[in-house]
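Peer 1: I have a structure I would like to understand better, so I am pasting it below and will then ask my questions one at a time.
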Amino acid sequence: MFLALKEIKKEKFRSGLIVAMIVLIGYLIFILTSLALGLAQQNTDAINSWDAKQITLNSNANVDMRQSFLTKKQVGHLSRQEALIGETSVVAKAKSHKQLSAVFLGLNNNQFVYQNLNLVDGHRVTNSHELVVDTAFKQEGYKLGSQFKLNGDNHKYTIVGFIKNAKLNIAPVVYGQMNDWKSLRAITVGPVGSAVVSRDASYKNNANGAKTYTKQQVVDKLPGYQAQNSTFILMIGFLMVISLIIIAVFLYILTMQKLPNYAVLRAQGVPSKVLVGATISQSVLLVVSGLIVATLFTVITAWIIPANVPMAFDIPVLGGVGVGLLVMAMIGGLIPIKSVVSVDPVSVIGG
Amino acid sequence: MSSFSVKNVNQIFGTGTAEVHVLHDVNFEAEPSTLSLIMGPSGSGKSTFLSIVGGLLTPTSGTVEVNGLSYNERSKKERDALRLDSIGFVLQAYHLLPYLTVADQFKLVDKIKPQGNLSREALTDVLETLGIKDLLNKYPGELSGGQQQRVAIARALYPDPAIILADEPTAALDSARVAIIVKLLKDLAVKHHKAVVVVTHDGRLVDSADRLYEMKDGYLTKSTPEVSR
Ligand SMILES: Nc1ncnc2c1ncn2[C@@H]1O[C@H](COP(=O)(O)OP(=O)(O)OP(=O)(O)O)[C@@H](O)[C@H]1O
Ligand SMILES: [Mg+2]
């Protein structure tokens, strides 16, 4: 530690460069991770907020709620653990507002999804053509009482409540009544909903033409969800490996330059382990200070980032990524250790 | 008892046509309270000899015994410990760690070997004798060659080693400084009972030697019988 600290103190510029590089890599990885998490959450926030375990869909719907219709017979009897949901894509239109794509979810007042909705403002839907909408609408300038049209429906809808983090497949959710879902879907007879969600993990619906999936199966089938996730995981993984290589190269060069000095110390009887300790603690000091600064940058970013950018700063996940980077850097820092151990003190005598 | 003894040491570098026989059947004994001077031209094998004596290089044949035990009988760790405790190298190319101030060069020794180093007063004496007392807060890069060499000497003496091996300790110094260094080495032998071995081609050191040797093409010979003090 003594040697490492003294060297960093003397070689401020050189150490600063390495720290700066680690800051950039760390910051990039933290931000990418937050983006990945944010996007993933915007895909699934609504589903997760229901606390559903099992979801029954039409067996021909390709595990896609939007493509699913269930008849009264297929829905069957529902206990207090189940709720019927009608999903359809809508576009919200109002004068002096941008058009907004959203997901309409029709609920029944007497079922748990409706009853557990956690509003940040206003009240639940009690009448036809009332909506509880995601706060994304607030960001677009809508307020309680604002009215807009959905798709071709001429009757205007009124916002009666706001709900946070109600996102499905990155689109904001608007919760309304089941009858409104039917009229948006132009259904008169036949289907009564898109899906049955259950809080009961053992719920099973064996009706003809219906199939029950776990929540995860439905989430994984959300359009683009897995592609997005694997893209991000791949990107972050590559960045980790690249950072490992970059940090390893820098630490290697740094250590190689010191080998003549280390040879002198070896000739003077300084044990190899002291030199190995100096090398490793130098790597740790540089990487940890880089990561601390990167964390600071990330915190600042989290503060100033606009609310509509899908970023989620999840401390355990970012902590894990940080530890991953540290481990990578340590592996990188270990590469030159072999040269340190095998440094030949004879080389210092002579001339 | 001798501090160390070198018996029938041969050193051959390379093999086949590239073979260089650098040391030929070298025998040598160093005793406490004695300043031995090995004179020899460039390339005669002086530094190679010191490397072997310091246990940095294992000779092709022959043995070196320090404190009655040969290097072959010591583990790598024990050889390190021996160098740290008992052997002070004053190197020809006086490397100091570039990122440690002069004061920190000594502090580093304290970190690795907390005990048995020179006391603060003794170190101050050495620094004063060498004329480098005011340089404590400087980095090696801020010192002249001669100043660096004197710091390197002080660094070698700091762990209070029983054996001092000096390779051209006066190369970068003017005659006035040479006299100071010679006196210092002589004092180490006489007053502090060290076994001091100096290899050099600097003729200015000859007068101070208790024993004088000559190294020529890898042959070590006693050049003058022991001079009385
Ligand atoms: N590792 C090595 N491989 C091959 N030859 C070597 C090696 N080390 C030293 N030599 C050779 O051994 C001879 C003696 O070298 P050494 O460094 O001991 O000389 P020296 O007496 O210290 O010279 P100088 O006064 O210039 O320092 C030289 O001819 C040198 O080329
Ligand atoms: Mg030499």
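Peer 1: Under the definition of Cα pairs under 8 Å and six or more residues apart, what whole-number percent is the relative contact order of chain A?
Peer 2: In percent, rounded to a whole number, it is 29.
Peer 1: Counting only other chains, and only Cβ atoms inside 10 Å, what mean value do you get across the residues of A:340-349?
Peer 2: Mean inter-chain Cβ contacts per residue within 10 Å come to 5.
Peer 1: In debye to the nearest 20, how big a dipole does region A:64-204 give about its Cα centre with +1 on each Lys and Arg Cβ and -1 on each Asp and Glu Cβ?
Peer 2: 140
Peer 1: What is the set of long-range amide H partners of A:LEU78 at a cut-off below 5 Å, with H atoms built 1.01 Å from backbone N?
Peer 2: Residues meeting the criterion, in which the H sits 1.01 Å from N, do not exist here.
Peer 1: At a Förster distance of 56 Å, what's the computed FRET efficiency of A:ASN308 paired with B:LYS138, Cβ-Cβ distance as r, to 0.05?
Peer 2: E between A:ASN308 and B:LYS138, to the nearest 0.05, is 0.45.
Peer 1: Starting from region B:160-194, pick out the trypsin sites (Lys or Arg not before Pro) whose DSSP state is loop and whose Cβ has at most 15 other Cβ atoms within 10 Å.
Peer 2: Answer in residue order: B:LYS191.
Peer 1: Can you tell me the order of A:301-308, A:74-81 when each peptide is scored by its average per-residue count of other Cβ atoms within 10 angstrom, highest first?
Peer 2: A:74-81, A:301-308
Peer 1: Quantify how strongly other chains surround peptide B:95-107 by giving the mean number of their Cβ atoms within 10 Å of each of its Cβ atoms.
Peer 2: 4
Peer 1: Which whole-Hz ³J(HN,Hα) couplings does region A:44-50 yield from phi under the Karplus relation 6.51 cos²θ - 1.76 cosθ + 1.60, θ = phi - 60°, glycine and proline marked x?
Peer 2: Each residue of region A:44-50 in turn: 10, 3, 5, 4, 5, 5, 6 Hz.
Peer 1: Plugging the Kirkwood radius over Cα pairs into Stokes-Einstein for the protein assembly as shown, at a temperature of 10 °C and a viscosity of 1.306 mPa s, what D comes out in µm²/s?
Peer 2: It diffuses with D of about 52 µm²/s by this estimate.
Peer 1: What is the sum of charges, Lys and Arg at +1 and Asp and Glu at -1, for the other residues whose Cβ falls under 12 Å from the Cβ of A:ASN48?
Peer 2: Net local charge, A:ASN48 excluded: +1.
Peer 1: Keeping all protein chains in place, calculate the accessible area per residue for region A:46-224 (probe 1.4 angstrom), answer in Å².
Peer 2: Dividing the accessible area of region A:46-224 by its residue count gives 47 Å².
Peer 1: Counting only pairs 8 or more residues apart or on different chains, how many lysine pairs in region A:94-185 have their Cα atoms under 17 Å apart?
Peer 2: The number of close lysine pairs in region A:94-185 is 15.
Peer 1: Among A:ASN48, B:PRO161, A:ILE163, flag the residue with its Cα farthest along the positive direction of the charge dipole of the protein assembly as shown, charges on Cβ as +1 for Lys/Arg and -1 for Asp/Glu.
Peer 2: A:ILE163
Peer 1: Hey, got the average number of other protein chain Cβ atoms within 10 angstrom for residues in B:79-85?
Peer 2: The shielding value for this peptide is 4.
Peer 1: So what J values fall out for region A:169-185 if you push phi through Karplus, 6.51 cos²θ - 1.76 cosθ + 1.60 with θ = phi - 60°, rounded to Hz, Gly and Pro as x?
Peer 2: Karplus values, whole Hz, x for Gly and Pro: 6, 6, 9, x, 9, 10, 9, x, 8, 4, 5, 5, 4, 4, 6, 5, 8.
Peer 1: Oh, and also: Anyone know which of A:ASN109, A:ASN261, A:ASN179 comes out most mobile in the 10 Å Cα GNM of chain A?
Peer 2: In the Gaussian network model the winner is A:ASN261.
Peer 1: Could you tell me what percent of the DSSP beta bridges with both partners in chain A are antiparallel, to the nearest 5?
Peer 2: Of those bridges, close to 75 percent are antiparallel.
Peer 1: Give the shape of region A:89-236 as rounded, prolate or oblate, defined through the alpha-carbon gyration tensor: a ≥ b ≥ c are the square roots of its eigenvalues, a/c under 1.5 means rounded, and otherwise the shape is prolate if a/b is larger than b/c and oblate if not.
Peer 2: oblate
Peer 1: With a probe of 1.4 Å, find how much accessible area chain B has per residue, and write the answer as a whole number in Å².
Peer 2: Accessible area per residue, chain B: 44 Å².
Peer 1: Next up: Quick one: among A:THR214, A:THR56, A:THR135, which has the greatest mean-square fluctuation in a GNM of chain A with alpha-carbon springs under 10 angstrom?
Peer 2: Highest fluctuation among the options: A:THR214.
Peer 1: Once B and A are treated as a pair rather than alone, how much accessible area drops out, both sides summed, in Å² to 100, probe 1.4 Å?
Peer 2: Buried surface at the B/A interface: approximately 2500 Å².
Peer 1: Quick one: Karplus J couplings for region A:243-257, per residue in order, coefficients 6.51, -1.76, 1.60, θ = phi - 60°, nearest Hz, x for Gly and Pro?
Peer 2: My calculation for region A:243-257 gives 5, 4, 5, 4, 4, 4, 4, 4, 5, 5, 4, 4, 6, 4, 5 Hz in order.
Peer 1: Right, here's the next one. Does chain B classify as rounded, prolate or oblate by the C-alpha gyration tensor (a ≥ b ≥ c root eigenvalues; a/c under 1.5 gives rounded; else a/b over b/c gives prolate, otherwise oblate)?
Peer 2: Taking the square roots of the gyration eigenvalues as a ≥ b ≥ c, chain B is prolate.
Peer 1: Then there's this: Taking 2.2 N^0.38 Å as the expected size of a compact globular protein, what ratio does the Cα radius of gyration of region A:1-156 give against it, to two decimals?
Peer 2: 1.64
Peer 1: Cα centroids of region A:51-121 and region B:47-85: how far apart, whole angstrom?
Peer 2: For region A:51-121 versus region B:47-85, the Cα centre distance is 83 Å.
Peer 1: Compute, for the protein assembly as shown, the length of the dipole vector about the Cα centre, with Cβ point charges of +1 (Lys, Arg) and -1 (Asp, Glu) only. Units Debye, rounded to 20.
Peer 2: 2340
Peer 1: Between the alpha-carbon centers of region A:251-316 and region A:162-217, tell me the distance in whole angstrom.
Peer 2: Computed from Cα coordinates, the inter-centre distance equals 50 Å.
Peer 1: Over 32 Å between Cα atoms, which of A:LYS338/B:LYS222; A:LYS6/B:LYS7; A:LYS12/B:LYS77; B:LYS46/B:LYS186; A:LYS258/B:LYS76 qualify?
Peer 2: A:LYS338/B:LYS222; A:LYS6/B:LYS7; A:LYS12/B:LYS77
The values are calculated or read from the model by the stated rules, or taken from the named source; none is laboratory data. This is a predicted model, so every value here is computed, not measured. Methodologically, a virtual Cβ is constructed for each residue, glycine included, from the backbone with ideal geometry; neighbour enumeration extends over all protein chains shown. Surface areas here come from the heavy atoms of the whole protein model, side chains and all, with no ligands, DNA or RNA. Shrake-Rupley method; radii C 1.70, N 1.55, O 1.52, S 1.80 Å.
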